[in-house]
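Report on the structure given below.
Every number here is computed from the coordinates shown, using simple stated rules; none is lab data. Owing to the predicted nature of the structure, the values given are computational and were not obtained by experimental measurement. Cβ coordinates were reconstructed from backbone atoms using ideal geometry, including for glycine residues, and neighbour counts include every protein chain displayed.
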Ligand code: ADP
Ligand code: MG
């Protein structure tokens with residue numbers, strides 16, 4: 001058997017080239033020939049699929065030439081195989097458990113079991129993203145491709161991506177879902193180039209049903225990775241496969257990303273996760289507190305603590321979670337109830353960091369810049385609409401985004417009365433409901449200030 005295979009394998013090298021030979025033929029082993037059927041062992045299902053599709057005819061011919069005509073090939077996957085000289089094969093045989101579950105598991109990043117839809121608290125800022133994610137996870141005809149989720153750090157992008165992947169895997173275990181970060185994508189790509197397994201790489205990505213790439217902004221400015229990503233993307237979209245992408249900003253705003261990629265990314269559904277509001281933060285805290293209470297049985301939280309945290313820690317959900325985690329750990333250590341005093345003691349640094357927040361001046365400067373007016377006009381007395389409206393926007397943002405009181409805000413706006421500030425705030429609230437352009441301006445400014 002061995003001699004026969006060696007001869008066949010040699011002639012295959014001439015026929016397929018030495019790179020392909022190393023990647024696909026060398027890992028194979030001819031185990032028997034029986035009644036015109038050759039049994040061939042391969043280290044992974046992926047290699048087996050690939051070889052059947054691309055080299056079956058060549059192998060049959062090579063075996064015939066080597067003196068043993070066969071009419072059929074039978075492939076079997078033997079997970080535990082002695083290491084072969086092929087790099088590709090060696091890499092795969094080291095991970096036999098994964099190989100059995102299908103090729104995409106070899107590169108799919110592990111999913112965090114806590115990041116499920118059940119654990120995702122839905123509020124106004126994230127309801128659209130959540131609904132879109134659910135829809136994709138339910139499957140059915142691909143409605144928007146790609147789904148592009150974006151938003152600031154710690155707002156739940158990765159959580160939603162994992163939730164989609166887990167949900168699809170549990171609903172349809174046979175479907176191939178590949179989730180990985182853009183950084184991992186690049187790493188795999190560079191590795192494949194180095195190890196000359198680029199065909200393997202391409203095939204792996206083009207054979208999935210759902211491709212999910214997290215933090216795609218990472219590949220901005222990385223030309224050849226972008227190029228490969230673009231081709232993979234197009235190939236999958238053409239086949240009607242679902243793609244889900246996340247980034248820290250909108251497609252059009254990713255610097256160093258090629259225009260054709262940006263426009264491809266935009267052609268599905270683009271949804272953003274807005275910064276959390278008070279209600280959402282409180283909801284998340286309550287849900288996490290329930291989980292912690294179960295974990296640290298018996299620990300109590302005094303009324304008002306969660307509200308205090310939701311009010312004070314506005315940066316992102318990760319920080320919020322970390323604060324709660326620390327409170328529970330600390331309280332259980334000292335055997336005390338989680339009350340305001342313990343909270344203040346235990347979270348001094350986090351609370352101080354969130355104090356070092358936006359100043360009214362920051363807001364004024366940003367707003368003046370946005371509307372292209374002078375800062376002195378913004379806080380001055382001119383009443384023309386083109387200045388008065390931006391002034392009210394700045395008042396509104398100062399009220400919303402800082403903890404300053406109305407009289408304090410009034411002082412920073414050229415010594416205005418607090419009732420003037422209140423009027424300005426109300427006016428903008430009102431207008432945002434009817435004037436789409438204004439609402440968008442406010443939203444943009446808010447995001448820029450939060451960054
Ligand atoms: P991103 O990827 O947007 O930076 P993550 O998805 O990693 O953010 O979220 C950060 C943390 O906050 C995670 O632990 C996640 O579970 C949690 N989180 C974010 N949004 C929510 C939410 N709406 N409900 C529950 N947990 C959330
Ligand atoms: Mg993330």
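A P(r) calculated from all alpha carbon pairs of segment 360-450, with 10 Å bins opening at zero, reads 18, 57, 24, 0 percent. Antiparallel beta bridges, as assigned by DSSP with both residues in the chain, represent about 15 percent of the total such bridges. May I ask you to derive the FRET efficiency for residue 376 and residue 224 from their Cβ-Cβ distance with R0 = 60 Å, giving the value to the nearest 0.05? The calculated FRET efficiency here is 0.75.
Residue exposure proxy: 327, 73, ordered by other Cβ atoms within 10 angstrom of their Cβ from fewest to most, comes out as 73, 327. In this simple spin-label approximation, residue 61 and residue 403 carry label points 7 Å from Cα along the Cα→Cβ vector, and these lie 7.8 nm apart.
Measuring r between the beta carbons of residue 234 and residue 32 and using R0 = 51 Å, the FRET efficiency lands at 0.75.
Hey, what angle do you get for helix 45-65 against the long axis of the chain, alpha-carbon based, 0 to 90 degrees rounded to 10? Roughly 20 degrees between the two axes. Short-range pairs are left out: with C-alpha atoms under 8 Å and at least six residues apart, the relative contact order of segment 360-450 is 28 percent.
Taken over the C-alpha atoms, segment 180-247 has Rg and Dmax values of 11.2, 31 angstrom. Seen against the Cα atoms of the chain and their longest principal axis, helix 317-334 is set at about 80 degrees.
Helix 182-194 and the long axis of the chain differ in direction by around 30°, with both axes built from C-alpha atoms.
With the convex hull built on the Cα atoms of the chain, state its orientation-averaged projected area in nm².
Working: hull surface 111.1 nm².
Here the figure is 27.8 nm², rounded to one decimal.
What is the order of 164, 428, fewest Cβ neighbours within 10 Å to most? Intermediate values should be presented prior to the final figure.
Values: 164 28, 428 23.
By the 10 Å Cβ count, ascending, the order reads 428, 164.
In segment 243-349, one over the average inverse separation of all distinct C-alpha pairs is 16.2 Å, which is the Kirkwood hydrodynamic radius.
Rg ratio for segment 127-272: its Cα radius of gyration over 2.2 N^0.38 Å, N being its residue count, equals 0.98.
Restricting to bridges with both residues inside segment 2-83, how much of the DSSP beta-bridge set is antiparallel, in percent to the nearest 5? Antiparallel bridges: around 45 percent, rounded to the nearest 5.
Each pair of Cα atoms in segment 2-83 enters the Kirkwood radius, and Stokes-Einstein at 10 °C and 1.306 mPa s then converts it into a translational diffusion coefficient of 127 µm²/s.
Dimensions of segment 262-419 along the principal axes, based on C-alpha atoms and rounded to the nearest Å, stand at 61, 48, 23, largest first.
Sequence-distant contacts, meaning Cα pairs under 8 Å at least 6 residues apart, place the relative contact order of segment 278-354 at 36 percent.
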